[in-house]
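Below: one structure, written as structure tokens.
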Amino acid sequence: MKKEDCYLLGKITRRHGLAGNVVLKLDTDQPELYNKLDNILVEINGLLVPFFIEKQQWSKEDTKLIFFKNSTEAMVDQAIGRNVFLPLSTLPVLSGNSFYYHEIIGFRLLDENDVDFGEIQSVNDQTAQHYFVNFLHGKQIIVPIIKDWILEVNREQKEIKMQLPEGLLEVFTQPVIKDE
């Protein structure tokens, strides 16, 4: 399985006890969707390696204790500190104004008057305020992702319509500097 066909579920942070258990810290707003995992894909040296789960239990709201089938010390050692993925096909289908960040790349961003804010190139979720990164007329446009601003997600037209504040283009627009 290729990494682009998967999404990040979380990270194996440490060993738990002496019986081969590991701690999986989930990176999700809906940990309840992962009550029963049969297997996970652990990224080791750039490859996604399947690890099959024998037992699991919740430790905290977003943390699971996992015991791998046929677990060995070497398996556990290899898994610690590694990112964990699941196939995109395991994600529930969203509708309405809800969306996954990976699915809206390439969508056009429009305001309520159909003014084009460019194509969504990426989403930055590494800051407290997540935002779209768009390009329009050689300029990078940063648009904060605020649920109350989203009016419509049109998957057929590949557009997101937002109610954007006056002057947003001036505040969040930066010229693109190309490396020479």
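Worth a mention:
- Theoretical FRET efficiency, 1/(1+(r/R0)^6), r = Cβ-Cβ of GLU103 and ALA19, R0 41 Å, to 0.05: 0.55
- When the square roots of the Cα gyration tensor eigenvalues are ordered a ≥ b ≥ c, the ratio a/c for the stretch 101-175 is under 1.5, which makes its shape rounded.
- Pairs of Cα atoms nearer than 8 Å and 6+ residues apart set the relative contact order; for the chain it is 17 percent.
- Shape class of the stretch 18-66 from the alpha-carbon gyration tensor: oblate, with a/c at 1.5 or above and b/c at least as large as a/b.
- About the Cα centre, charge dipole magnitude for the stretch 34-95 (Lys/Arg +1, Asp/Glu -1 at Cβ), debye: 140 debye
- From the coordinates shown, Rg/Rh (Cα atoms, Kirkwood Rh) corresponds to which of (i) 1.07; (ii) 1.04; (iii) 0.93: (i)
- Long-range amide H partners of LEU86 with built H, under 5 Å: TYR7, LEU9
- Amide H contacts of ASN21 (H built 1.01 Å from N, under 5 Å, at least 5 apart or other chain): HIS16
- For LEU136, distant residues with modelled amide H under 5 Å away: ILE141
- Separation of the MET1 and THR63 label points, Cα + 7 Å toward Cβ, nm: 2.5 nm
- When only the Cβ of Lys, Arg, Asp and Glu is charged (+1, +1, -1, -1), the dipole of the stretch 123-168 relative to its Cα centre reaches about 120 debye.
- If only the Cβ of Lys and Arg carry +1 and only the Cβ of Asp and Glu carry -1, the dipole of the chain around its Cα centre is close to 1000 debye.
- Contour minus Cα-Cα distance for PHE52 and ASN35 (0.36 nm per residue): 4.6 nm
- In terms of surrounding Cβ atoms within a 10 Å radius of their Cβ, GLU103, GLU166 rank from fewest to most as GLU166, GLU103.
- Leading residue at positive end of dipole, the stretch 24-133 (Cβ point charges), from TYR34, SER95, LEU65: LEU65
- The phi torsions of the stretch 127-139, fed into the Karplus equation with coefficients 6.51, -1.76 and 1.60 and a -60° offset, translate into couplings of 10, 4, 9, 5, 8, 7, 10, 10, 10, 8, 6, x, 10 Hz, rounded to whole numbers, with Gly and Pro shown as x.
Each value in this text was obtained by applying a stated rule to the coordinates, not by laboratory testing. Predicted model only: the values in this text are computed from it and were never measured. Cβ sites come from the backbone with ideal geometry, for glycine too, and all protein chains shown count toward neighbours.
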